[in-house]
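**Student:** Got a structure here, written out as structure tokens. Questions coming.
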Amino acid sequence: MSRIFVHLVAPAGISACLIALALPAGVHAQSDVAKVYKTNCVLCHAADGSGNSPSGKALGAKDLASSEVQKKSDAEIAEMIAKGKGKMPAFGAKLKLDDIKQLVAYIRAIPKK
Amino acid sequence: MKLTRPFVYLIAAGTVILILITSRDSRAVPSYTRQTGLPCATCHFAPPELTPFGRKFKLDGYVFRTKPEVTEDQDKHKKVHDSTLHLLEAYPLSVVFDTSFTSTSSPQPATQNGNFQFPQDISLFLAGAWADHVGSFAQVTYTAQGNHFSWDNTDVRYANTHDLFGKPFAYGITFNNNPTVEDLWNSTPAWGFPFTASNVSPTPTAKAIINGALAQDVAGFGGYTMWNEHLYIGGTIYRSQHLGGAQPNPGTGFGFNIRGLAPYWRVAWQTVTKNNSLEFGTYGMHVKSSPTAVTGLTNGYTDWAFDFQYDRTIPQFKNDVLSFRGTYIRENSSLGATFAAGGASLIGHHLNTVQGNVEYHYGSKLSGTVGLFKITGTPDPLLYVQAPVSGSANGDPRSNGYILNVSWWPQQNIDLAVQYTGYLQFNGAQTNYDGAGRKAGGNNAVFLLARFVF
């Protein structure tokens, strides 16, 4: 059994994982802005924007649907994304202006609970 | 000129202060900080202790970044089949430089007490995002004792996230070389307390196999998941990979040669609120090994362990953090090969290890820790042999004691630490434990460390 595992199951498992890695990133249908949000914002703000992820709770991340965030102008939100604020890092060096604009629209569309 | 002990302490203290003064303008940052644009304190209460953000960063494969990249995305308007590219502009390299001083209560026979190491070790890290979902913590370390670089703790992982049953589901695979190095908490051996230690003062002989015996001596491949940000399940299979040993592995000269595969498992549950972070879980490992060979009789080890960690942020004290951590490891071993070779007087053994510590973090600048440890197990005069300093006169693995540590971080990347380790019992006794007249308290050690991370 152990020999079968060493010679068959383990290499097969590793190969399967490597194939999974090699698959195109865009296999899962997802809009560009959703992907940008997932890559950059979910860690703290959570998938629903609530800030209820463990990191978000510990760092006090804002609920993006809250009036505190939503009452800000598009330019103010864009500036916060680009330059960062408080514990939030600046994304201006990584994200294109167009990505930031789309993110602002994405944040505007987060439904209020 | 004869160096008296107070004089040596004075020089040590002076050196530490001098290093501090001359390094005040250093603005060093390690590669994760360069990649994320976040200060060290976002991921660490004090390195290497992870905050909830730090744990998520590791869970997600060390890839979160805010800094410029060389990129090429797929053009969705043209149906080309080109690959994408997301490459860090800054190569993710970091350095840790440790210099230290150790003094034991009684000198080790025929050696000089009051041991300076400049450096104790220097580690180079390749730590950061390799691609969209692939990142690493890879370390090579130069040690003054060995006078060479060697491969150290390494964890290369692929990670991704999706939803499962409407809840966030993070998953990944890891290649690593030390059981528990893939873990997210500081209650398991690889990242547990003490976070720094002398490499010259004597330590108890008996040690569970999961408690560092296989570190950097194995190659592992595993997977992990975190569901709903609460339930963590992981597993890794290990094979022996002896650094500096012949390939294919003949096993000669190495104490542990894994036969077949050695599975490691981990299940943990965590909950995080604004000011509280609680984790408890279990981990363990099963190893079948032949000493100094890859054929013939085997020794079997099964380690079952439980751990917990609780971090409490105290808003009334400017968000200082109080941490409690603990682990219990039960090892059952069947030493058929060692018994047949005359290295053990019986086949069945067990070993119990208990470790616990409490730490207060005064902001990110100062931390004080009190740790306790206790090892008990099956006495065996052939397995735990009599020898000066490192041996046991009565073949008993029992040791217990405490560790006190104060770390001062004048900057987030400079650690000046004072550590005292006290033994109440060492290798089975309080007095004359080695049969050569040495007391357990003779191994009590003062350890001063200056660490620079840049």
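**Student:** Taking 8 Å as the Cα distance limit and 6 or more residues as the minimum spacing, I'd like the relative contact order of segment B:317-373 as a percentage.
**Tutor:** Over segment B:317-373, the number comes to 39 percent.
**Student:** In nm, give the distance between the simple-model label positions of B:Ser106 and B:His230, each being 7 Å from the Cα along the Cα-to-Cβ direction.
**Tutor:** Calculated label separation equals 5.4 nm.
**Student:** Something else: For the protein assembly as shown, what percent of Cα pairs sit more than 29 Å apart?
**Tutor:** 58
**Student:** Hey, another quick one. If a/c stays under 1.5 just call it rounded; otherwise compare a/b with b/c (prolate if a/b is bigger, oblate if not). Do that for segment B:247-388, with a ≥ b ≥ c from the square roots of the Cα gyration tensor eigenvalues.
**Tutor:** It is prolate, given that a/c is not under 1.5 and a/b is the larger ratio.
**Student:** Of the cross-linked pairs B:Lys374/B:Lys439; A:Lys57/A:Lys101; A:Lys57/B:Lys167; A:Lys83/A:Lys112, which ones have a Cα-Cα span greater than 19 Å in the structure shown?
**Tutor:** The answer is A:Lys57/A:Lys101; A:Lys83/A:Lys112.
**Student:** Is the shape of chain B best called rounded, prolate or oblate, per the rule: a/c under 1.5 gives rounded, else a/b larger than b/c gives prolate, else oblate, with a ≥ b ≥ c the square roots of the Cα gyration tensor eigenvalues?
**Tutor:** The shape class here is oblate.
**Student:** Ok, one more. Which loop trypsin sites (Lys or Arg not before Pro) in segment B:232-299, with loop taken from DSSP, have no more than 14 other Cβ atoms within 10 angstrom of their Cβ?
**Tutor:** B:Lys274
**Student:** Where a ≥ b ≥ c are the square roots of the eigenvalues of the C-alpha gyration tensor, would you call segment A:31-108 rounded, which needs a/c under 1.5, or, failing that, prolate if a/b is larger than b/c, or oblate?
**Tutor:** rounded
**Student:** Around B:Tyr362, which amide H atoms from residues at least 5 apart in sequence, or from another chain, sit under 5 Å from its own amide H, with H modelled in the peptide plane?
**Tutor:** Residues meeting the amide H criterion: B:Ser367, B:Gly368.
**Student:** What 222 nm value per residue comes from the helices of chain B, counting each DSSP H run with n ≥ 4 as -39,500 (n - 2.57) and dividing by all residues, nearest 500 deg cm²/dmol?
**Tutor:** -2500 deg cm²/dmol
**Student:** I've got another one for you. Along the Cα→Cβ direction, 7 angstrom out, place labels at A:Asp32 and B:His148. What is the inter-label distance in nm?
**Tutor:** My value for the distance between the label points is 5.2 nm.
**Student:** Below 8 Å between Cα atoms, with a sequence gap of 6+, how large is the relative contact order for segment A:31-108 in percent?
**Tutor:** 25
**Student:** About the Cα centre of the protein assembly as shown, how large is the charge dipole given +1 on each Lys and Arg Cβ and -1 on each Asp and Glu Cβ? Please answer in debye to the nearest 20.
**Tutor:** Its charge dipole is roughly 700 debye.
**Student:** Can you find, among A:Gln70, A:Tyr106, A:Val42, the residue farthest towards the positive end of the dipole of segment A:31-108? Put +1 on the C-beta of Lys and Arg, -1 on that of Asp and Glu.
**Tutor:** A:Val42
**Student:** Would you mind calculating the relative contact order of chain B from Cα pairs under 8 angstrom and at least 6 residues apart, reporting the percent as a whole number?
**Tutor:** Once normalised by length, the contact order is 12 percent.
**Student:** In addition: Evaluate peptide A:47-59: per residue, the Cβ atoms of other protein chains within 10 Å of its Cβ; return the mean as an integer.
**Tutor:** 6
**Student:** Can I ask one more? For B:61-67, what's the mean count of beta carbons from other chains sitting within 10 Å of each residue's beta carbon?
**Tutor:** Going residue by residue through B:61-67 and averaging, the value is 4.
**Student:** At 0.36 nm per residue, minus the direct Cα-Cα distance, what do A:Asp74 and A:Ala109 gain on full extension? Give it in nm, one decimal, please.
**Tutor:** 11.4 nm
**Student:** Residues with amide H under 5 Å of B:Arg259's amide H, sequence separation 5 or more or different chain, H placed in the peptide plane at 1.01 Å from N; which?
**Tutor:** B:Lys288, B:Ser289, B:Ser290
**Student:** Test of understanding: extend the Cα→C-beta vector of B:Gln247 to 7 Å, then name every residue of segment B:148-184 with backbone N under 20 Å from that spot.
**Tutor:** Within reach of a label on B:Gln247, which here means backbone N under 20 Å from a point 7 Å along Cα→Cβ, segment B:148-184 contributes B:149-157, B:174-179.
Any read-out appearing in this document is the output of simple, stated calculations on the displayed coordinates, not a laboratory observation. Everything numeric in this text was worked out from a predicted model, so none of it was measured. We place every Cβ from the backbone using ideal geometry, glycine too, and count neighbours over all the protein chains shown.
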